[in-house]
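Derivation of every value follows stated rules applied to the coordinates shown; laboratory data play no part. Values in this document were obtained by computation on a predicted structure and should not be read as measured data. Cβ atoms come from the backbone with ideal geometry, glycine included; neighbour counts cover every protein chain shown.
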């Protein structure tokens, strides 16, 4: 049994089918990328898996437990948490206090939350940022803070939504190393990403969505040679480069 099993997931908004009959699984320590054109249904799938949308059909099973339709806070306590494409830290709080917000998912004790948060920052080599106010962080710092806050919830699965968007190549490389380190610790990662260099360097398996439906799944090498994926998303120029 996989750590995460999504079977037949469907989400409709009125007459619009945003995600149609999506099935995907994720094992411990695995990194799987969810890619596709804008409007393909990637973020909607994330939101349905993590409890922000209630699916119209299908099931989401986490570690053998059916979590379909549960609230995000309930799903977080099971050990599945997501980040957001548009990061919104608590601007007036310090980096440490922002991360503590995540740690409170596991405890009501301020001292335990602070200790867990500092350990998380040290693990991610962000301890020098602890006292900085979130409003003063550049985009790369806010992206890293979003991951740190999610990691402080002590997840078994992280859903990363376009974490590399807006980053310079050197900044993206730093976040890639961070994600790899988290994965090596045993945390499974499902990521939505448009930067294909990032996808190819991180993912062991790729799932491709188009018009809300899965059109392909395979290794990076298999996906880059899939003509349907090339036509729908990658383009010949990418494959040839």
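Quick notes on this one:
- Share antiparallel - DSSP beta bridges, the chain, percent rounded to 5: 55
- Inter-label distance for residue 174 and residue 211, nm, one decimal - labels placed 7 Å from Cα along Cα-to-Cβ: 4.2
- Cα-based helix-to-principal-axis angle, 169-184 vs the chain, degrees rounded to 10: 90
- Global form of the range 1-127, assessed from the alpha-carbon gyration tensor, a/c cut-off 1.5: prolate
- For the range 170-241, the square roots of the Cα gyration tensor eigenvalues, ordered a ≥ b ≥ c, give a/c of at least 1.5 with a/b greater than b/c, which places it in the prolate category.
- For the chain, the mean residue ellipticity at 222 nm estimated from helices alone is -10500 deg cm²/dmol, where every DSSP H run of n ≥ 4 contributes -39500 (n - 2.57) and the total is divided by all residues, rounded to the nearest 500.
- The Rg/Rh ratio of the range 1-71, with Rg taken over Cα atoms and Rh as the Kirkwood radius over Cα pairs, comes to 0.96.
- Segment residue 65..residue 13, full-extension length gain: 16.1 nm, with 0.36 nm per residue of separation and the alpha-carbon distance subtracted.
- On Cα atoms only, tilt of 139-151 relative to the major axis of the chain in degrees: 80
- Placing pseudo-labels 7 Å out from each Cα toward the beta carbon at residue 90 and residue 28 gives an inter-label distance of 3.3 nm.
- Here the chain is treated as an ellipsoid with the same Cα gyration tensor; its semi-axes, largest first and in whole Å, are 29, 22, 15.
- Debye intensity ratio in log₁₀ form over the Cα atoms of the range 41-115, taken at each q of 0.22 Å⁻¹: -1.02
- Extension gain from residue 131 to residue 219, taking 0.36 nm per residue of separation minus the Cα-Cα distance: 27.6 nm
- Simple label model, 7 Å out from Cα along Cβ direction - residue 21 to residue 101, nm: 4.0
- Cα centroids of the range 199-238 and the range 54-105: 27 Å apart.
- Degrees separating the helix 110-123 axis from the principal Cα axis of the chain, which is the longest one: 60
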